[in-house]
Amino acid sequence: MNPKYVTDIKDVAGLTADEQISLTTVTRWFAFRANDYYLQLINWNDPDDPIRRLIIPDNGELLTWGALDPSSEGRYTVAPGVQHKYRQTALMLVSDICGGFCRFCFRKRLFVDDDSEVAFDLAEGLDYIRDHPEISNVLISGGDPLMLPTPKLEEILSALRTIDHIRIIRIGSKLPAYNPYRITGDPSLLRMIARYSTPDKRIYIMTHFDHPREITEVARTAIAQLQQSGAILMNQTPLIRGVNDNPVVLAELFNELSYAGISPYYVFQCRPSVGNKIYTVPIEEAYRIFEMARSHCSGLAKCARFVMSHASGKIEVAGKTAQEIVFRYNQAAKPDNIGRVLVYARNPRAYWFDDYTNCITSYRVSP
């Protein structure tokens with residue numbers, strides 16, 4: 001099967017004519033893209049269907065809120081298409097298209113700004129990575145790298161594999177959810193992964209399943225084929241209002257991932273990006289949901305950490321008391337901050353780390 005892509009909201013048959021007309025106002029600002037495989041997962045009789053919420057625009061996206069670059073990614077751009085925020089990791093933006101446009105996307109700027117940050121000539125970025133031996137792993141992102149033709153993606157992997165200090169290549173992709181036929185229908189992609197995912201230098205596929213209903217039978221087949229090709233799969237998802245902000249649903253997602261051999265890696269606080277207010281859950285409510293979900297999981301299913309991709313680093317929500325909330329830098333732009341613990345007064349209206357004030361104490365945990 002080769003799913004047909006849909007880029008005009010008026011071509012979505014499940015919407016009424018009035019809904020199609022109403023949502024064109026949103027799509028003038030924020031792009032829409034889906035395919036017929038993913039759209040058929042929607043229960044069109046349910047206006048609150050979570051798959052619908054993931055992919056179909058909502059007029060609430062027009063609320064004035066957020067920033068185009070909430071994590072200040074531009075600050076860490078070191079070459080066209082390459083960011084270097086954490087010492088060991090480089091990020092390469094290699095694609096400006098996705099299998100579908102997530103309504104809560106934190107990189108909307110790539111699709112609304114003519115000055116794209118994606119690089120199609122990666123020579124300068126590869127030279128930068130080659131000249132920085134502290135970089136041991138590269139995350140290939142975008143857009144979605146699996147939207148690239150397999151030969152183009154192989155050019156990138158092949159070039160990275162000529163750099164001895166790159167031990168891990170990560171490919172961030174939602175195509176196992178949006179279009180698993182991209183994987184099952186392309187044996188050359190699987191052969192390529194097998195070629196470049198070696199026992200001492202693995203390829204990791206960072207999947208993006210946000211709701212258990214995305215894990216269909218064909219998605220399970222795609223997962224198994226990637227694993228059989230030597231890739232290691234890990235999943236990350238934001239906590240999204242109306243999608244997985246229910247502990248039972250989130251626990252089911254964690255468990256189904258673990259059954260398929262995918263390790264739940266990160267649950268992200270939804271970034272305060274333009275258009276994202278209606279998809280965002282306050283931090284302390286989100287942490288409660290996250291911990292309640294974990295209580296229904298085995299050890300293998302509860303590996304995820306609840307974090308914010310803040311401008312200063314990956315900040316984990318580590319706990320809370322009746323009066324205080326505890327954060328820890330799981331990763332940091334400034335290496336001295338790694339492991340640092342921050343304790344703040346509770347703020348149930350906080351949506352982002354910057355919303356916390358009046359720090360009570362700050363100290364470093366001993367290694």
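Laboratory data are not the source of any read-out in this text; all were calculated from the coordinates shown. Every value quoted in this text rests on a predicted model; they were computed, and no experiment measured them. Cβ coordinates were reconstructed from backbone atoms using ideal geometry, including for glycine residues, and neighbour counts include every protein chain displayed.
At a glance:
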| quantity | calculated |
| --- | --- |
| Calculated [θ] (222 nm, deg cm²/dmol) that DSSP helices of n ≥ 4 give over the chain, each run adding -39,500 (n - 2.57) | -7500 deg cm²/dmol |
| Neighbour-count order for Arg305, Arg288, fewest beta carbons within 10 angstrom listed first | Arg288, Arg305 |
| Taking region 1-154 and dividing mean pair separation by its residue count, relative contact order in percent (alpha carbons under 8 Å, at least six apart) | 23 percent |
| Residues Val94, Val341, sorted so that the one with the fewest Cβ neighbours within 10 Å comes first | Val341, Val94 |
| Counted charge near Asp46, where neighbours are those whose Cβ lies closer than 11 Å (Asp, Glu -1; Lys, Arg +1) | 0 |
| Relative contact order (%) - the chain, alpha-carbon pairs under 8 angstrom, separation at least six | 14 percent |
| Dmax and Rg, reported as Rg then Dmax, of region 6-65 (C-alpha, Å) | 11.0, 32 |
| Net charge contributed by nearby residues that have their C-beta within less than 10 Å of Ser229 (K/R +1, D/E -1) | +2 |
| Spatially near lysine pairs across the chain, Cα under 19 Å, sequence gap of 8 or more or different chains | 9 |
| Whole-Å semi-axes of the chain's equivalent ellipsoid (Cα gyration tensor) | 28, 28, 21 |
| Region 177-287: relative contact order in percent, alpha carbon pairs under 8 Å with at least 6 residues between | 26 percent |
| Proximal charge balance of Ile55 [Cβ under 9 Å; K/R count +1, D/E count -1] | +4 |
| Where Rh is the Kirkwood radius over Cα pairs, Rg/Rh for region 216-367 | 1.00 |
| Neighbour-count ranking [beta-carbon atoms within 10 angstrom, fewest first] of Val249, Val307 | Val249, Val307 |
